[in-house]
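Colleague: Take a look at this one; I'll ask things after.
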Amino acid sequence: MESIRNKANFGTDTDLHVGTSATAKGQPEPNKHRALPAFGLAQTLPSGASVVEAWLHLSLSALFVGSDLPGFAVYRNEQDFAEALVTWSNQPPASSVPAPVARLIQPAAAG
């Protein structure tokens with residue numbers, strides 16, 4: 001989702017864009033980007049089962065020129081959303097506390 005294109009839906013994108021990009025000409029503030037990955041496990045879990053632990057691995061593939069390695073946080077959505085309909089303007093509320101296990105592991109330097 002993007003704050004400047006706040007009515008646009010990016011549900012079919014294959015890349016997750018997160019962070020803040022430079023202020024575009026004519027824009028009053030930087031463009032903020034958020035990703036809302038969702039995992040529909042209800043149909044795949046046996047009746048009565050529950051998820052005790054889950055891992056999600058993401059890779060950083062690009063930074064804007066002049067960017068530092070960004071800090072980040074992962075928050076739980078507090079209500080469901082429809083991937084094909086969600087936009088910046090109608091995004092679900094998120095928890096005010098980030099997930100305690102989110103961490104960034106820097107890749108080893110290429111050599």
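The values are calculated or read from the model by the stated rules, or taken from the named source; none is laboratory data. Please read these numbers as outputs of a predicted model, since none were measured by experiment. Using ideal geometry, Cβ is built from the backbone for each residue, glycine included, and neighbour counts are taken over all protein chains shown. The protein model used for the area step is the full one, side chains on, heavy atoms only, and it has no ligands, DNA or RNA in it. Shrake-Rupley method; radii C 1.70, N 1.55, O 1.52, S 1.80 Å.
Colleague: Do you know which of the residues in the stretch 95-104 that are open to solvent by 50 Å² or more (accessible area, probe 1.4 Å) and of a type in the set (A, V, I, L, M, F, W, C) is modelled with the lowest pLDDT? Spell out how you get there, then give the answer.
Modeller: Of all residues in the stretch 95-104, those open to solvent by 50 Å² or more (accessible area, probe 1.4 Å) come to 96-98, 100-101, 103-104.
In the following step, the residues that additionally are of a type in the set (A, V, I, L, M, F, W, C) were identified as 97, 101, 104.
Values: Val97: 89, Val101: 64, Leu104: 61.
Ranking the candidates gives Leu104 first.
Colleague: Could you list, in sequence order, all residues of the stretch 1-33 that are closer than 19 Å to Ala82 by Cβ, among the polar types (S, T, N, Q) and open to solvent by less than 70 Å² (accessible area, probe 1.4 Å)? Please lay out each step first, then the result.
Modeller: Keep residues of the stretch 1-33 that are closer than 19 Å to Ala82 by Cβ, which gives 1-2, 5-14, 16.
The next check asks that each one be among the polar types (S, T, N, Q); those that pass are 6, 9, 12, 14.
Within the stretch 1-33, Asn6, Asn9 meet the criteria.
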